[in-house]
Amino acid sequence: MTRITSSAPAAAERAARRYENLLLLLLFLAFGFVFFDRQALAFLAPYMDKDFGLSNGELGTLSGVLALTWAVSGMIAGRLSDRLGRRKPILIGAVVLFSLFSSVSGLMSGFAGLLAARALMGTAEGAVLPMAQSLMVEASRENRRGLNMGLLQGSSAGLLGGIVAPIAVVWVAEAFGWRTAFYVTIVPGLVVAALIAKFVRERPPQGGPAPAAAPVAAPPRAALRDVIKQRNVVICMLIACCYLTWFVTLITFTPTYLTQVKGFTPGAMSGVMTCLGVAWVLWGFATPGISDRIGRKPALIGFTTLAVFCPIAIVYVSSPLALGALMLLTYTGLGCFTLFMATIPAETVPPGALATALGLIMGVGELAGGFLGPMISGWASDLWGLQTAMFIATGGAVAVVLLAFGLRETAPAVLRRRGTAGETALVEGGAA
């Protein structure tokens, strides 16, 4: 009888760990295919030029409108989720819809129709990250929190959006045309949505306080005014604006810059972009994993300093091989995204405000950096040359380094070493 009783906690712990790993895999695929679809336009732009003749300004507008609707959707979905106490249904609906809207882009014959399709796609995609990260935080062990969220947000997008997308999308476009490349994006999203419906739970098994207690405590602490009073949340919002400018500008204009300005072949361009994807995957889990040990703040400052040099290399390095190697070393920013978009706010705000905070930071960042950033970069590039976009991206990364010095450390292991674990809301169970 004693053995049965003592084995129960161990069995529950094993079940919780299995679920943690399963959830990570499913959410890894879900957010990875979000970025597969989001990246497809940039890789297909050279092939669409015959039908659309897109200017730099129009290409930036297409990227920007997706970010705009992504921003609004993320803020609304996060707030709605905290109010309802439900995440799974919102996540399933978002995955199904973004898959449908992505494939619709292949049906469009004019700029206006393509703009509408991208706007609808952003509306669906914006809800995915706040829901996925909220579910992942609740199921993660403390010593795996940074790593899990880095794999979910950074490495997944890097693998599927940065490595698989340029290879698969360019191959399909070469073999069957750019429209077909859009059509095939519907399949993986629908499969992932079905898997989420079958295996994901609204609450993780075991661990932490009883689920029944959460709805009682969460509503008072989920007020928007309480969220924006947090210093880390405000700084993370500003960082998101600058880092999204760096990322979206880079990913929108680099394929066109490499082919039209530097004269790279489509194959060479695809190879460099694949190196970006490899770096995305590696730094996507390495950066937050390292931050679990050295702290969120020094990791964000150090790896963003490397990211400053990425767009500079794109402008000044002429060899595809050398440029690919430099991309592996300097495309570190996507690993940092997990820190300011998810991990730091998750360790700052109470659980009842988590989805609200994540949606707010992502939404504000997408609105300023994802929407306005590429549009301004595109217009500026039409006036002064496409290298202007790369210098704008550099400026965004420099601003992040400066802002990061104002953050308060939140990594539980670091705070324990300092004897200040009580400063972190999540470590102590959440403080307003």
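The number of residues in segment 132-161 that are outside any helix (DSSP H, G or I) and either over 17 Å from Pro351 (Cα atoms) or of a type in the set (S, T, N, Q) (or both) comes to 1.
Counting only helices (runs of 4 or more DSSP H) wholly contained in segment 311-373, the ones carrying 2 or more residues that are buried (at least 21 other Cβ atoms within 10 Å of the Cβ) and in contact with a Leu (Cβ under 7 Å, 6 or more places away or on another chain) occupy 320-330, 354-365. The residues of segment 95-114 that are in a helix (DSSP H, G or I) and among the polar types (S, T, N, Q), listed by number, are Ser99, Ser102, Ser103, Ser105.
Cβ-Cβ contacts under 9 Å between residues 6 or more apart (or on different chains), taken from a first residue in segment 152-170 that is closer than 15 Å to Pro188 by Cβ to a second residue that is among the acidic types (Asp, Glu) and buried (at least 23 other Cβ atoms within 10 Å of the Cβ), are listed as Gly161/Asp37; Ala165/Asp37.
Are any of the residues in segment 54-65 out of contact with any Asp or Glu (no Cβ under 8 Å at 6 or more places or on another chain) and under 30 Å from Asn148 (Cβ atoms)? Yes, that holds for at least one residue. On the stretch given as segment 171-186, residues that are part of a helix (DSSP H, G or I) and in contact (Cβ under 8 Å) with a residue 60 or more places away in the chain total 9.
Results for (1) farther than 30 Å from Ala413 by Cα; (2) modelled with pLDDT under 85; (3) polar (S, T, N, Q), shown as yes or no for each residue.
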{"site": "Ser155", "(1), (2), (3)": "no, yes, yes"}
{"site": "Tyr183", "(1), (2), (3)": "yes, no, no"}
{"site": "Ala193", "(1), (2), (3)": "yes, no, no"}
{"site": "Gly207", "(1), (2), (3)": "no, yes, no"}
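When you go through Gly352, Gly369, Gly302 one by one, which is the residue that is closer than 19 Å to Thr252 by Cβ, out of contact with any Gly (no Cβ under 6 Å at 6 or more places or on another chain) and of a type in the set (Gly, Ala, Ser)? So the residue among Gly352, Gly369, Gly302 that is closer than 19 Å to Thr252 by Cβ, out of contact with any Gly (no Cβ under 6 Å at 6 or more places or on another chain) and of a type in the set (Gly, Ala, Ser) is Gly369. Taking the conditions (1) surrounded by 24 or more Cβ atoms within 10 Å (Cβ to Cβ); (2) more than 14 Å from Glu366 (Cβ to Cβ); (3) among the small types (Gly, Ala, Ser) in turn, Gly113 satisfies each one other than (1).
When segment 379-399 is filtered for residues that are surrounded by 24 or more Cβ atoms within 10 Å (Cβ to Cβ), small (Gly, Ala, Ser) and within 22 Å of the chain's Cα centre (by Cα), the ones remaining, listed by number, are Ala389, Ala393, Gly396, Ala397. In segment 115-131, of all residues being in a helix (DSSP H, G or I) and in contact with an Asp or Glu (Cβ under 9 Å, 6 or more places away or on another chain), the one that is farthest from Ala299 (Cα to Cα) corresponds to Leu115.
Residues that are modelled with pLDDT of 90 or more, farther than 21 Å from Gln39 by Cα and basic (Lys, Arg) occur at least once in segment 287-297.
The values are calculated or read from the model by the stated rules, or taken from the named source; none is laboratory data. Remember, it's a predicted structure, so these values are computed and weren't measured experimentally. Positions of Cβ are backbone-derived with ideal geometry, glycine not excepted, and every protein chain shown enters the neighbour counts.
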